[in-house]
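The structure under discussion appears below in the form of structure tokens.
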Amino acid sequence: MTAAAGAARVRVTVLTHRGAAREANEDAVVVGSFTACGVSFSDPVTYEVPLSSPVVIAVADGMGGHAAGEVASAHAVRMLAFAAPQDETGVEAALVQIDTDLVAAGRAEPAAAPMGTTVAGVLLTAAGGTHFGVGDSRVYLESGGYLAQVSTDDRGPLGGLSRCLGGRTDGTPLRTRVGRLAGADRLLLCSDGLSDLVGHETLEELLGGPGGPARVVKSLWAAAMNASGADNITVVLVELPGSDS
């Protein structure tokens, strides 16, 4: 995906990997119309994405019975790509539909239940952006070399996941979080395979390291692998228009 000359665009660098301990990768990624599901990249991949129309970029981390996590996260990112939401209302509608689909799938196939997935993402336009999320995958904003988490972790008092898309059998309604983005140079999206293993100060230091975006993303992945790589690891670095990176 390459932007037309002169058009506002973002550069998005992606690495998704099964980690050091898991047999399969239940993380998934969407960047506009591109999706990566159930695969492990050996190296980061970079996309140039025009902002001539709104673009969704998101990470999903699936969970459930045998192979259900991979199915759930893949469904989430493919639905976001297909829906191509144009605004916050469209994002909310897409998340509700994904949640409805996964709850129904879990009821239809008890062996896969509870089938669910986190999602953390952004909707970007030439005029600005919105972040959204359910679960404990994260969106960070980097500005002036400082990193701030703008998403909120849905975790219970003992640390377990308290909310996701799908994964519910008690009939409770879906609750999502949506907020405006402002003042960012770059964005970092990731699954908890990165954020649980690599501390905030280290993330900030590695983001400020030498080299281009592919090297930075690879260094973040390597830090998680060196810290055990106990979970699937997904890292997405988004360089916004006007960024000096």
In the stretch 39-65, how many are farther than 15 Å from Val235 by Cα, of a type outside the set (A, V, I, L, M, F, W, C) and touching a strand residue (DSSP E or B) at 6+ places or on another chain (Cβ under 9 Å)?
7
Restricting to the stretch 213-245, and then to whatever is hydroxyl-bearing (Ser, Thr, Tyr) and touching a residue at least 40 places away in the same chain (Cβ under 8 Å), can you tell me which residue is surrounded by the most Cβ atoms within 10 Å (Cβ to Cβ)?
Thr234
Can you work out which of the residues in the stretch 167-212 that are at pLDDT 95 or above, surrounded by 13 or more Cβ atoms within 10 Å (Cβ to Cβ) and of a type in the set (Asp, Glu) is farthest from Asp87 (Cα to Cα)?
Glu205
Return yes or no: is Arg155 in contact (Cβ under 8 Å) with a residue 60 or more places away in the chain, surrounded by fewer than 19 Cβ atoms within 10 Å (Cβ to Cβ) and basic (Lys, Arg)?
no
Would you mention how many residues in the stretch 131-149 are over 16 Å from Thr117 (Cα atoms), part of a loop (DSSP other than H, G, I, E, B) and of a type in the set (S, T, N, Q)?
0
Please give the number of the condition Gly159 fails out of (1) out of contact with any Asp or Glu (no Cβ under 8 Å at 6 or more places or on another chain); (2) part of a loop (DSSP other than H, G, I, E, B); (3) closer than 24 Å to Ala36 by Cα.
(3)
In the stretch 181-211, residues that are closer than 20 Å to Gly242 by Cα, in a loop (DSSP other than H, G, I, E, B) and touching a residue at least 24 places away in the same chain (Cβ under 8 Å) total 5
Among the listed residues Ser42, Ser73, identify the single one that is free of Cβ contacts under 8 Å to residues at least 24 places away in the same chain and at negative phi.
Ser42
Quick one: is Thr152 within 17 Å of the chain's Cα centre (by Cα), in a loop (DSSP other than H, G, I, E, B) and of a type in the set (Val, Ile, Thr)?
yes
Among the strands (runs of 3 or more DSSP E) contained in the stretch 1-117, which hold 1 or more residues that are crowded, with 18+ Cβ neighbours inside 10 Å and over 13 Å from the mean Cα position of the chain (by Cα)?
9-17, 45-50, 55-63
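The values are calculated or read from the model by the stated rules, or taken from the named source; none is laboratory data. Being a predicted model, the structure only gives us computed values, none of them experimental. So basically every Cβ, Gly included, is an ideal-geometry build from the backbone, and we count neighbours across all protein chains shown.
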